[in-house]
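Data first, discussion second: the structure below is written as structure tokens.
The values are calculated or read from the model by the stated rules, or taken from the named source; none is laboratory data. Only a predicted model underlies this, so the values are computations on that prediction, with no experimental measurement involved. No Cβ is skipped: glycine too gets one built from the backbone with ideal geometry, and neighbour counts run over all protein chains shown. What goes into the accessible areas is simple: the full protein's heavy atoms, side chains included, and nothing from ligands, DNA or RNA. Shrake-Rupley method; radii C 1.70, N 1.55, O 1.52, S 1.80 Å.
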Amino acid sequence: MVAPSKQSPAYRHTLVCAVAFVCLFAGLSHLGVSRAQTLPQRGASATSTSPTQAEPDQKAIAVQLASNSLAQAETRYGSGHTNTLEALETLGAAHEKAADYKSAHSVLLKAYTIREDQLGRENIHTAKAAHVLGLVNLQLSEWSAAKKCFETAAEVRERLLGTDHLETARSINNVGVVHERLHEYSKAALFYSR
């Protein structure tokens, strides 16, 4: 396979997605936030801006980068393309990381729906999208929606990956988590023991 040239839209899209992931998971201070904004200077008092105080701005930067990436992908590839779905899921992850669960839910539901329409319910990528959507539903205390997502993911993963696979176990475990949150401890124990 030939790598895309640095001038190609695919390369630029991949680069923007990579930058968004770096923003989400690797500290973020080098992207639009100077060292002075994130770290106290020598001799500065303890009340200076600290990395934890700068964190909300960094999360906003990550959301903005992911949003820009999605807009570029939709323009270049259309709404159903794999690159667009990846950008959509990156935006959902950025919203989730920023604790904006309603926005994350909206974006990830759209991604799940597109995956299901394109790939069908019996697909490992669709199962992963269902599982991630279930995690956001947990954060929103939408227990029945979370349970449905995790059950869907568990069923598909069990058929495609087997009962002993880690991803299958995660989905099954999270069905137990939902039961526990509903104070249905005996049901939760059944899923935890699988």
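Odds and ends about this structure:
- Checked across the range 163-175, the condition of being at pLDDT 95 or above, loosely packed, with under 14 Cβ neighbours inside 10 Å and not hydroxyl-bearing (Ser, Thr, Tyr) holds for at least one residue.
- Residue within the range 115-126 that is closer than 29 Å to residue 60 by Cβ, open to solvent by less than 60 Å² (accessible area, probe 1.4 Å) and not aromatic (Phe, Trp, Tyr) present: yes
- Within the range 157-175, restricting attention to residues that are in a helix (DSSP H, G or I) and among the small types (Gly, Ala, Ser), the residue that is nearest to residue 194 (Cα to Cα) is 169.
- Selection of the range 90-111 for residues being assigned to a helix (DSSP H, G or I), open to solvent by 20 Å² or more (accessible area, probe 1.4 Å) and touching a Lys or Arg at 6+ places or on another chain (Cβ under 9 Å) yields 95, 97.
- Looking across the range 64-88, just one residue is under 18 Å from residue 101 (Cβ atoms) and in contact (Cβ under 8 Å) with a residue 40 or more places away in the chain, and that is 66.
- Hits in the range 140-156 (condition: open to solvent by 60 Å² or more (accessible area, probe 1.4 Å), in a helix (DSSP H, G or I) and among the hydroxyl-bearing types (Ser, Thr, Tyr)): 144
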